[in-house]
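Here's the structure, in structure tokens; my notes come after.
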Amino acid sequence: MSDWKTFAVPAALVLSTSAPCFGTVYFTADQAQKAIFPGATCTPWGGKLTADQKKAIEKASDLRLRKDPQVWRVAGGGWFIVDEVLGKHEYITFAVGLTASGAVKQIEIMEYRESYGGEVRDAKWRAQFTGKTAKDPLRLDQDVKNISGATLSSRHVTEGVRRACALYDIALK
Amino acid sequence: MTSRSSEVRRARPLLGTFVEIAAGGLPEGEAHRAIEAAFAVVEEVQRRMSFHDPESMLSRLNREAARRAVQVDAWTFRVLAAAAEVHRVSEGVFDVTVAPHLQALGFLPGDAPAAAGAPFASFADVQLLPDRHVRFRRAGVCLDLGGIAKGFAVDRAVAALRRAGVPRGLVNAGGDLRVFGGEQRVAIRHPELPQAAHRSLPLRNAALATSAHYFAERWQPGQTLAPIIDPHTGQRVTQVLSATVRARQAMLADALTKVVMLRGEAALATLQHFSADAIFFTTSGEERCSPRWHAALELSS
């Protein structure tokens, strides 16, 4: 039992000076279009949601619509929608491809960013951890691509996709 | 897509979390096709083993196996066989029949099927029979593969990437990950401050999984304690804040994190049986590393 070891260098606690901490950009809108609708031409929808439509989308999806999603019409049928959701710990831009009949074809995460803004910037809140900080070369910005940790829920993206489907039903169909 | 080296990296919401797949060393078009094939495999695992989908193989098993033997697909059977093996070696600490406890605590939807006063089931009530048949010895057994199927999906996705000719890559299902073909560094979240990392570990042709209390979600408001239940007591874990396990397969790493969360130092024999290693954090702020991994890390630093 006492075979377990401790590290000579204690656990480093590395805070980047400004939020966000972990994040990855996977796709631009153009790249996501090519991944979901290979070879197809997409043109901006050009329409605008009315206040009534927005209200109906919020009601149907049970999710607020802070910002209008970007919508493209896909040549040969289908829709390409870029939208974003804000979770408790994360901020996510995602793309969803819908078939001509409004079924979900594919979902791709475009950008994932963990943001704890207020907490991290709050010096008093941070001070409680200062004693534990060690000089560790670990940098969190561009260097950290792979993170192991408890599972973060993707529930907010699921809700965002539901909102995109509601947008189709109410404004595109 | 834009990262250095010619690596393609994509992410999709799957298995209730974010599944990230990276493929390096191939022309971009081929890398994308390989990643699509790997995502398809993860979707298939989700279709078969989801607790939440009433159409899944697992849901059918939970509905019918107390009445008659049910034949399951080869993947579901493999996961159940691995769950049985970890259950046996850990002397019952790892148990995929704790779903009723989780339901009673509000971590899983639905009502606990066990009648009031009746003892909860254990994996000893699950029979794995020839020809991929599964039968429950009694009513009230309910399986949840949430503590092992994510790792299995990672292993299947890695196999799909390799089949497609990817020389080096990574699959990360919300923190349960596996790398192949060359060393990669993986950061572990700090258990008291999950937006920061506390260690960066080199990993080569191996899997790493972490269980922890942070980010725990439940259907009802209350404390955020991870949905990890001691099958012997029905209680949630409180002594270990986070456990990270390194193993050959992600399925094993995934399952063994629960044993370390529940048993701390006493999990060492189980880890050694599977040639696995662990780092864990206790609630009193101590960090512990299993001896073999510790020696390797001290050498590499």
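Throughout, read-outs are computed from the coordinates displayed, never taken from laboratory work. Keep in mind it's a predicted model, so treat the numbers as computed, not measured. All Cβ positions, even for glycine, are placed from backbone atoms using ideal geometry, and neighbour counts span all protein chains on display.
How far is helix B:291-300 tilted off the main Cα axis of chain B, in degrees rounded to 10, range 0 to 90? Tilt of helix B:291-300: around 20 degrees. Counting 0.36 nm for each residue step from B:Asp125 to B:Ala139 and taking away their Cα separation leaves a gain of 4.1 nm.
Each Lys or Arg adds one and each Asp or Glu takes one away; over the other residues whose Cβ falls under 13 Å from the Cβ of A:Glu111, this sums to -3. Helix B:250-263 axis versus longest C-alpha principal axis of chain B: approximately 60°, rounded to the nearest ten.
Under a straight-distance cross-link criterion of Cα-Cα below 12 Å, which aspartates and glutamates are reachable from B:Lys258, leaving out those fewer than 8 residues away in the same chain? Straight-line reach from B:Lys258, under 12 Å: B:Asp95, B:Asp230. Only Cα pairs under 8 Å and 6+ residues apart enter the sum, and on that basis the relative contact order of chain B stands at 16 percent.
With the dipole of region B:57-136 worked out from charges on the C-beta (+1 for Lys and Arg, -1 for Asp and Glu) around the Cα centre, which of B:Ala82, B:Val134, B:Val96 lies farthest toward the positive end? Checked the options; the winner is B:Val134.
The sum of -39500 (n - 2.57) across all DSSP H runs of n ≥ 4, divided by the residue count of chain B, sets its helix-only mean residue ellipticity at 222 nm to -10000 deg cm²/dmol. A straight Cα-to-Cα reach below 20 Å connects A:Lys5 with the aspartates and glutamates A:Asp136, B:Glu265, B:Asp277, B:Glu286, B:Glu287, B:Glu298, residues fewer than 8 places away in its own chain not being considered.
In this rough spin-label picture, where each label sits 7 Å from Cα along the Cβ direction, the A:Trp45-B:Arg60 distance is 3.8 nm. Using Cα atoms only, what is the angle between the long axis of helix B:74-89 and the major principal axis of chain B, expressed in degrees (0 to 90) to the nearest 10? So the inclination is approximately 80 degrees.
Under 15 Å of direct C-alpha separation, and excluding same-chain neighbours fewer than eight residues apart, A:Lys105 reaches these aspartates and glutamates: B:Glu36, B:Glu43. Computed over neighbours whose Cβ is under 11 Å from that of B:Glu183, the net charge equals +3, Lys and Arg +1, Asp and Glu -1.
Measuring against 23 Å, Cα to Cα, the residue pairs A:Lys88/A:Lys173; A:Lys34/A:Lys59; A:Lys67/A:Lys173; A:Lys55/A:Lys173; A:Lys34/B:Lys150 contain A:Lys88/A:Lys173; A:Lys34/A:Lys59; A:Lys34/B:Lys150 as the ones spanning a longer distance.
Full extension of the chain between B:Thr282 and B:Asn205 gives 24.9 nm of extra length, using 0.36 nm per residue less the Cα-Cα distance. Across region B:1-84, the mean sequence separation of Cα contacts (distance under 8 Å, 6 or more residues apart), normalised by length, yields a relative contact order of 17 percent.
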